1. Check segment 126-142 and report whether any residue there is farther than 19 Å from residue 170 by Cβ and either in contact with a helix residue (DSSP H, G or I) (Cβ under 8 Å, 6 or more places away or on another chain) or surrounded by fewer than 17 Cβ atoms within 10 Å (Cβ to Cβ) (or both).
2. Of all the residues that make up segment 346-379, how many are assigned to a loop (DSSP other than H, G, I, E, B) and closer than 11 Å to residue 289 by Cβ?
3. Could you count how many residues in segment 305-322 are within 23 Å of residue 373 (Cα to Cα) and either out of contact with any helix residue (DSSP H, G or I) (no Cβ under 9 Å at 6 or more places or on another chain) or outside any loop (DSSP other than H, G, I, E, B) (or both)?
4. Looking only at segment 76-94, which residues are buried (at least 16 other Cβ atoms within 10 Å of the Cβ) and in a loop (DSSP other than H, G, I, E, B)?
5. Just give me the residues in segment 108-117 being closer than 19 Å to residue 173 by Cβ and surrounded by fewer than 17 Cβ atoms within 10 Å (Cβ to Cβ), in sequence order.
6. Looking at 294, 299 in this structure, which one is more than 19 Å from residue 278 (Cα to Cα) and surrounded by 19 or more Cβ atoms within 10 Å (Cβ to Cβ)?
7. So which strands (runs of 3 or more DSSP E) are wholly in segment 169-285 and hold at least 2 residues that are modelled with pLDDT of 95 or more, over 25 Å from the mean Cα position of the chain (by Cα) and in the same structural domain as residue 362 (by TED's automatic domain parsing)?
8. Give the residues of segment 336-359 that are exposed (fewer than 14 other Cβ atoms within 10 Å of the Cβ) and without any contact (Cβ under 8 Å) to a residue 40 or more places away in the chain, sorted by residue number.
């Protein structure tokens, strides 16, 4: 039987005692539950969790403990994953394109809401769901700046098409709603304000009262610099709804993934080699838990610990950092600021790594296995 504790105080304590040889994701249930409470307290509506960000069972279990009972699911796998933890969970199926078999499974599993951005997909839903049994959210896209990249490149319809879709949703007997996504890692509340104003105008043009408005995910996590002001975004959303919908506003729902789960995890990647004192090679990279660095850049919230769990404090110098695979593309963007006294066998601890780390792992070149370690706090 292992003498190691089930829950460590910090990653440094685990590094000191266990001397890990594989990448580790350090998970703080308390940090996750605290963020969930922050959303539930601050957001003026229903908070759902976008399972795609991290579908680990401990994540879903702790969100349920924190009061999250509704989930944004994009696949049958995610529906089953949530149901295995909370059989009575409310499921919002907001992947706008689905096969006929997936839609039938969604009906059997009791999906409460689904999004559409085309007449063809609405017809597929109508072939399976009876009138009055489903909320259908028409997905809007706009050219709104402020996010790391544009979600409208794949999903969403223009305002004129949305108005026509809304009318047909109502005519088919479904509960009419609208949804949008401002884009990932969006810190500017103005993006939500613009979308909310347009959604209100579309509903008026269609002559349809929205039962609900889903303001999407996109809420930013703390990757670089100062932490995003989530409360300012919540206030902007509430103000925009009051200004543009007046005395009969729709109920609100949001679907954060990244912002809910990111700060509950830190990724510890071991230093395999420092080649002639220059480039650093880690045992994890862009084919593992650091996949998003190629898109969003490397987080600047990091620490380096020796194998004894002692923080390295040497003068910081920029380094080229490679992952463990034989692919030369397996490199973190630019140069990473790392202490000059770091050595082989050290662990680089990246904070805020709960989203799209374990969810997008590959097994390329035989790498990609990551150990999950529970800690009281990640730093």
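1. Yes, the conditions are met somewhere in segment 126-142.
2. 11
3. The qualifying residues number 3.
4. Selection gives 86, 89, 94.
5. Once the filter is applied, which keeps residues that are closer than 19 Å to residue 173 by Cβ and surrounded by fewer than 17 Cβ atoms within 10 Å (Cβ to Cβ), segment 108-117 yields 110, 112.
6. 299
7. So the answer is 265-275, 279-282.
8. Result: 337, 340, 341.
The values are calculated or read from the model by the stated rules, or taken from the named source; none is laboratory data. Since we're looking at a predicted model, the values are computed, not measured. FYI the Cβ positions are ideal-geometry reconstructions off the backbone, even for glycines, and counts take in every protein chain you see.
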